Amino acid sequence: MNRMSRLHKKTAIVTGGTEGIGKATVRRLAEEGARVAFCGRRLELGYTVEAEFRSAGMDVTFFPCDVSDVVQIGRFVVKSLELLGTLDIIVCNAGGGRALPWPEHDDENWEGTLRLNLDSVYHLCRLCWPHMTNTGGGSIVAISSLSAWGAIGQTQLQKMGGRQPNPAYQVAKAGLEGLVIHLAGRGGEHGIRVNAVRPGRILTEKWENVGENALFWGLYKDIQILKRQGEPIDVANAVLYLASDESKFVTGTFLDVSGGAIGRL
C-alpha cells in the first residue's frame, strides 16, 4: 500500500525559492504532494529550477518577484492564487544581508535589509491573510536565524574571520520573530498556525563555491553539538513538519535547526 503524501492536495507559496534553503523547501513540499508557486529575483535561475522540478514530476511554478517591492509582492500573490485557487501554506524564506562591521553601516543598506527580511514578510502575510481566513486556516512558516538573538563579541568575531551579520539583518530577524508571535495570536481563531524555523550555520550552494570553511565555520565548528555541516535539506525538513498536519497543535513556536549551537552560544 502506498503511503499518502503528507501534503496531499495542499497548495503553497514560497518566497526566495530559487536556491539554497528556499529551493530545498520547494522540492520537499512538492515531493510531499503540494502544488507550489515560488518566486525569486533571478529570472533565468527561477525558470531553470522550475524546469528541473517539473521534469521530476513536481507541480511547481516560478514567478519573478523582488519581495523588497510591495507592488511585486501583490502581483505574486494574485498570480499564485489564480494558479492555485486556494492557499494552505506560506513559507516566508526570502532574505539575506551583507556582512558589514559596526558602525560602518549606511542608511541605504539598513533600509534595504529591513525591507527584504522583515517588511516583505509583513506585506506577504497581510495580503494572504484574508484568503486563509476565508478557507478555514493554514500554516505560515517564516525563516528566522540564530542572529535574531545571538550577540557577537570580539572573541566570536575573531573565530568568524572578522565577518559578522550586519545590525540591520539581526534587527530584521528579531523583528520577524516578534511578528510571528503577533500573527500566531491573531491567527488562532481562524485556524491559522504561524511558526518559524531558526537555522544556524547552513552551507548553501553559494558558500560551497568559496569553500566549506567560509560562512563562520571557525565559530560554529566549536559551538555546535553535532559536528557536521548544516545543509538546506535540514531546514526544509523542519519547514515540512510545520507546514503539515503533523504539527496541527503547534503555533507561535521557533524550531531551531542549528546542530545544537543554541545550547553552546
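The values are calculated or read from the model by the stated rules, or taken from the named source; none is laboratory data. Small disclaimer: the values here were computed from a predicted structure and weren't measured. Virtual Cβ from ideal backbone geometry, glycine too; neighbours counted across all protein chains shown.
Could you say which residue among I140, I152 is under 23 Å from I233 (Cβ atoms) and either at pLDDT below 95 or not in a helix (DSSP H, G or I) (or both)? Write out each step before concluding.
Values: I152 fails: under 23 Å from I233 (Cβ atoms).
After applying the criteria, what remains is I140.
All but one of (1) modelled with pLDDT of 95 or more; (2) assigned to a helix (DSSP H, G or I); (3) not hydrophobic (A, V, I, L, M, F, W, C) hold for R193; state the number of the condition that does not hold.
Unmet for R193, out of (1) modelled with pLDDT of 95 or more; (2) assigned to a helix (DSSP H, G or I); (3) not hydrophobic (A, V, I, L, M, F, W, C): (2).
All but one of (1) of a type in the set (A, V, I, L, M, F, W, C); (2) crowded, with 17+ Cβ neighbours inside 10 Å; (3) touching a His at 6+ places or on another chain (Cβ under 7 Å) hold for V70; which doesn't?
Failed condition: (2).
Please specify each residue of region 54-72 satisfying the condition of being farther than 16 Å from T18 by Cβ and under 17 Å from the mean Cα position of the chain (by Cα).
none
Output the residues belonging to region 49-61 that are among the hydroxyl-bearing types (S, T, Y) and either closer than 18 Å to I13 by Cα or surrounded by 15 or more Cβ atoms within 10 Å (Cβ to Cβ) (or both). Spell out the reasoning first.
Step one: list which residues in region 49-61 are among the hydroxyl-bearing types (S, T, Y), which gives 55, 61.
Residue satisfying the conditions is T61 alone.
Could you run through region 155-173 and say how many residues are in a helix (DSSP H, G or I), at pLDDT below 95 and either in contact with a Leu (Cβ under 7 Å, 6 or more places away or on another chain) or surrounded by 14 or more Cβ atoms within 10 Å (Cβ to Cβ) (or both)? Give the steps one after another, and end with the answer.
To start, the set of residues in region 155-173 that are in a helix (DSSP H, G or I) comprises 155-159, 167-173.
Restricting the remaining residues to those that are at pLDDT below 95 gives 155-159, 167-171.
The next check asks that each one be either in contact with a Leu (Cβ under 7 Å, 6 or more places away or on another chain) or surrounded by 14 or more Cβ atoms within 10 Å (Cβ to Cβ) (or both); those that pass are 156-157, 159, 167-171.
So the count comes out to 8.
Evaluate region 230-244: report whether one residue or more is buried (at least 19 other Cβ atoms within 10 Å of the Cβ), out of contact with any Leu (no Cβ under 9 Å at 6 or more places or on another chain), acidic (D, E) and at pLDDT 95 or above.
For region 230-244, residues buried (at least 19 other Cβ atoms within 10 Å of the Cβ), out of contact with any Leu (no Cβ under 9 Å at 6 or more places or on another chain), acidic (D, E) and at pLDDT 95 or above: present.
State whether one or more residues within region 215-223 are part of a strand (DSSP E or B), of a type in the set (G, A, S) and either at pLDDT below 85 or touching a strand residue (DSSP E or B) at 6+ places or on another chain (Cβ under 7 Å) (or both). Outline the logic, then answer.
Restricting attention to region 215-223, the residues satisfying the condition of being part of a strand (DSSP E or B) are none.
No - not one qualifying residue is present in region 215-223.
Within region 64-78, how many residues turn out to be touching a Ser or Thr at 6+ places or on another chain (Cβ under 7 Å) and not in a helix (DSSP H, G or I)? Talk me through it step by step, then tell me what you get.
Initially, region 64-78 is screened for residues touching a Ser or Thr at 6+ places or on another chain (Cβ under 7 Å), giving 67-68, 73.
Applying the additional criterion that residues be not in a helix (DSSP H, G or I) yields 67-68.
Residues flagged as touching a Ser or Thr at 6+ places or on another chain (Cβ under 7 Å) and not in a helix (DSSP H, G or I) within region 64-78 amount to 2.
Quick check: anything in region 41-51 in a helix (DSSP H, G or I), β-branched (V, I, T), over 27 Å from D234 (Cβ atoms) and at pLDDT 95 or above?
Here is the first cut: in region 41-51, the residues in a helix (DSSP H, G or I) are 43-51.
Checking the rest, the ones that are also β-branched (V, I, T) come to 48-49.
Add one more test, that the residue is over 27 Å from D234 (Cβ atoms), and what stays is none.
No, because not a single residue in region 41-51 is in a helix (DSSP H, G or I), β-branched (V, I, T), over 27 Å from D234 (Cβ atoms) and at pLDDT 95 or above.
Would you be able to tell me the number of residues in region 130-152 that are under 22 Å from G17 (Cβ atoms) and polar (S, T, N, Q)?
Residues meeting the conditions: 4.
Any residue in region 70-96 that's under 19 Å from H190 (Cα atoms): show its pairings with residues that are assigned to a loop (DSSP other than H, G, I, E, B) and β-branched (V, I, T) at Cβ separation under 9 Å, as long as the two are six or more apart or on different chains.
T86/T135; L87/T135; D88/T135; I90/T15; V91/T15
Taking region 224-256, which residues are in a helix (DSSP H, G or I) and of a type outside the set (D, E, K, R)?
Going residue by residue through region 224-256, those that are in a helix (DSSP H, G or I) are 232-243, 245-247.
Once the filter is applied, which keeps residues that are in a helix (DSSP H, G or I) and of a type outside the set (D, E, K, R), region 224-256 yields P232, I233, V235, A236, N237, A238, V239, L240, Y241, L242, A243, S247.
So which pairs qualify, if the first residue must be in region 7-27 and free of Cβ contacts under 8 Å to residues at least 60 places away in the same chain, the second must be in a helix (DSSP H, G or I) and among the aliphatic types (A, V, I, L, M), the Cβ gap must be under 7 Å, and the two must be at least 6 apart or on different chains?
Listed by first residue and then by second, the contacts come to T18/L45; T18/V49.
Considering only residues of region 84-116 that are surrounded by 15 or more Cβ atoms within 10 Å (Cβ to Cβ), of a type outside the set (F, W, Y) and assigned to a helix (DSSP H, G or I), which is modelled with the lowest pLDDT? Full working, then the answer.
Our first condition is that a residue be surrounded by 15 or more Cβ atoms within 10 Å (Cβ to Cβ); within region 84-116, this holds for 84, 86-95, 97, 100, 105, 109-110, 112-116.
Checking the rest, the ones that are also of a type outside the set (F, W, Y) come to 84, 86-95, 97, 100, 105, 109, 112-116.
After this cut, where a residue has to be assigned to a helix (DSSP H, G or I) as well, the list is 84, 109, 112-116.
Numbers: L84: 98, N109: 89, G112: 95, T113: 94, L114: 96, R115: 97, L116: 97.
Here the residue is N109.
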